[in-house]
Amino acid sequence: MSSITDRRMRFRQVLAGTQCIHPGSVYDPMSARIAEELGFEIGMYAGSTASLTVLGAPDLILLTLTEFADQARRICRAAKSLPVLVDADHGYGNALNAMRTVEELETAGIAAMTLEDTVLPRPFGDGKVTLISLEEGLGKVKAALAARDDPSFCIVARSGVVAVNGIEDAVARTRAYTESGADALFYTGIRTRAELDAVSAVATLPIILGGVDTPELNDKSYLAARGVRIALQGHQPIQAAQRAVYETLKALREGVAPRDLPLVPKDDLMARATRDAEYKRWTRDFLEGPK
């Protein structure tokens, strides 16, 4: 177990280090505890997995800040030594909403949050992804920093600018966000080394990369040399869990005996994930009384 500040400082140590790590994608208390048990340095709670977990809906910014923060709080309460990075989307509104988002997520116990410059939720129109102006993006980041109470809590400026507006604007936004006071930069949509080289050449802050599955960006040594400290791999755990639930329910519906289900763990995974031993000890100590 460690304090919230301890977890935030360990997140900062990752940013200040020289290696690139992959975080564990988590979405509820049990997945966070499993990631913690497996030794992941950081847990990643994304907006897309939050929407799936809380609403059973696609990632269309239908989730409210309260719903997102409540689940983040449950995750941080359950995994008491795992620093958690969360995707706070656009801060759930304008710069003042971003301030409220910082207050709620900092109180929830997370280590770091990203704040992106995409126009969200999707407006009426042609469906193209667009970005807010650089001035508005900077205003949101500065507002988020002003709302921060614990200086160890990390505010990460996030942008999909490379894929949306191209390298020239990406370089301009990188310079501006670097000078804004943000603790790190998060990029989505980078697909080539040339694109990463262009932004890393002007970034003096640690870089976090969104899920990238291209061969040339799967080299952690190369990423580390370009200032990338955290590289997401996607959110396969919740997809795998969905498939496991489907296959198990389907088998039961078709008459397979519970004892013959192939995906049900035969070991003590459930007991470890639920901290069963601790609850048994507390029951003996506080409920059963002296023998």
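What is the number of the single condition among (1) assigned to a helix (DSSP H, G or I); (2) open to solvent by less than 50 Å² (accessible area, probe 1.4 Å); (3) in contact with a strand residue (DSSP E or B) (Cβ under 9 Å, 6 or more places away or on another chain) that Leu82 does not meet?
(1)
Of Gly47, Gly24, which residue is farther than 30 Å from Asp268 by Cβ and within 12 Å of the chain's Cα centre (by Cα)?
Details: Gly24 fails: farther than 30 Å from Asp268 by Cβ.
Within the list Gly47, Gly24, the selection yields Gly47.
Being touching a Leu at 6+ places or on another chain (Cβ under 8 Å) and hydrophobic (A, V, I, L, M, F, W, C) is the requirement here; does Ile61 meet it?
Yes, satisfied.
Mind telling me which of the residues Leu115, Leu105, Leu138, Leu120 ends up being open to solvent by 10 Å² or more (accessible area, probe 1.4 Å), not in a loop (DSSP other than H, G, I, E, B) and not acidic (Asp, Glu)? Spell out the reasoning first.
Working: Leu115 fails: open to solvent by 10 Å² or more (accessible area, probe 1.4 Å); Leu105 fails: open to solvent by 10 Å² or more (accessible area, probe 1.4 Å); Leu120 fails: not in a loop (DSSP other than H, G, I, E, B).
The match here is Leu138.
Give the residue that is least open to solvent (accessible area, probe 1.4 Å), with candidates limited to residues of segment 42-62 that are more than 15 Å from Ile75 (Cα to Cα) and in a loop (DSSP other than H, G, I, E, B).
Ala57
For Gly39, indicate whether it is of a type outside the set (A, V, I, L, M) and open to solvent by 40 Å² or more (accessible area, probe 1.4 Å). Outline the logic, then answer.
Working: of a type outside the set (A, V, I, L, M): yes; open to solvent by 40 Å² or more (accessible area, probe 1.4 Å): yes.
Judged against the criteria, Gly39 is a match.
Looking at segment 127-140, can you tell me whether even one residue there is without any contact (Cβ under 8 Å) to a residue 12 or more places away in the chain and of a type in the set (A, V, I, L, M, F, W, C)?
Just the residues of segment 127-140 that are without any contact (Cβ under 8 Å) to a residue 12 or more places away in the chain, to begin with: 127-128, 133, 135.
Retained after the next criterion (residues that are of a type in the set (A, V, I, L, M, F, W, C)): none.
For segment 127-140, residues without any contact (Cβ under 8 Å) to a residue 12 or more places away in the chain and of a type in the set (A, V, I, L, M, F, W, C): absent.
The values are calculated or read from the model by the stated rules, or taken from the named source; none is laboratory data. Please read these numbers as outputs of a predicted model, since none were measured by experiment. Cβ: placed from backbone, ideal geometry, glycine included. Neighbour counts: every protein chain shown. Remember, those area values only see protein heavy atoms, side chains included, never the ligands or the DNA or RNA. Shrake-Rupley method; radii C 1.70, N 1.55, O 1.52, S 1.80 Å.
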